[in-house]
Amino acid sequence: MEELLQVANLVANKLSSRFKDDPEKLRMLQGLKVQEEAGELAEAIIGALGLNPNKGNSHTWDHVRAEACDTALTALVLLHMMGGDPEWFLAEHLRGIKAKAEDWEATA
């Protein structure tokens, strides 16, 4: 997890150096990039299931895993671009999700 956050910070810093004059525009673009990556994830899932009649089984589950990683990293890059302490914010947010998940009823 630490390496993931380090890579997200590195990518955020590299991108930020290209958009020094308009950091708000960069955050907007990064938010759109998250959506783009999520679309690629959806395409990979559809391809792995063979649900696109024009393409058949066009992806593997490893493609899906890779797109899930890309989507997660892209979202974490955005979190870093938002400023503050992204590691604290992520940890705090995950604590809330964990607490909710622990209360979920098991279903089978």
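Pairs meeting the criteria (first residue in the range 79-101 and of a type in the set (D, E), second residue in a helix (DSSP H, G or I), beta carbons under 6 Å, at least 6 apart or on different chains) are E87/L5. Residues of the range 51-83 being assigned to a helix (DSSP H, G or I) and either of a type in the set (V, I, T) or more than 18 Å from the chain's Cα centre (by Cα) (or both), which ones? Listed by number, the residues that qualify are V64, T71, T74, V77. For the range 84-108, a residue qualifies if it is among the small types (G, A, S) and assigned to a helix (DSSP H, G or I), and the qualifying residues are A91, G96, A99, A101. In the range 69-90, of all residues being touching an Asp or Glu at 6+ places or on another chain (Cβ under 9 Å) and of a type in the set (G, A, S), the one that is surrounded by the most Cβ atoms within 10 Å (Cβ to Cβ) corresponds to A75.
Matching residues to (1) assigned to a helix (DSSP H, G or I); (2) touching a Leu at 6+ places or on another chain (Cβ under 8 Å); (3) under 10 Å from V77 (Cβ atoms):
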residue	(1), (2), (3)
L5	yes, yes, no
K14	yes, no, yes
D21	no, no, no
K25	yes, no, no
L29	yes, no, no
V34	yes, yes, yes
E40	yes, no, no
A44	yes, no, no
G47	yes, no, no
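When we screen E43, E37, E24 for residues that are of a type in the set (D, E, K, R) and within 24 Å of A91 (Cα to Cα), the only hit is E37. For L41, the test of being in contact with a Gly (Cβ under 7 Å, 6 or more places away or on another chain), touching a residue at least 12 places away in the same chain (Cβ under 8 Å) and among the aliphatic types (A, V, I, L, M) is failed.
Read-outs: derived from the displayed coordinates by stated rules, not from any lab. This one's a predicted model, so the numbers in the text were calculated from it and none came from an experiment. So basically every Cβ, Gly included, is an ideal-geometry build from the backbone, and we count neighbours across all protein chains shown.
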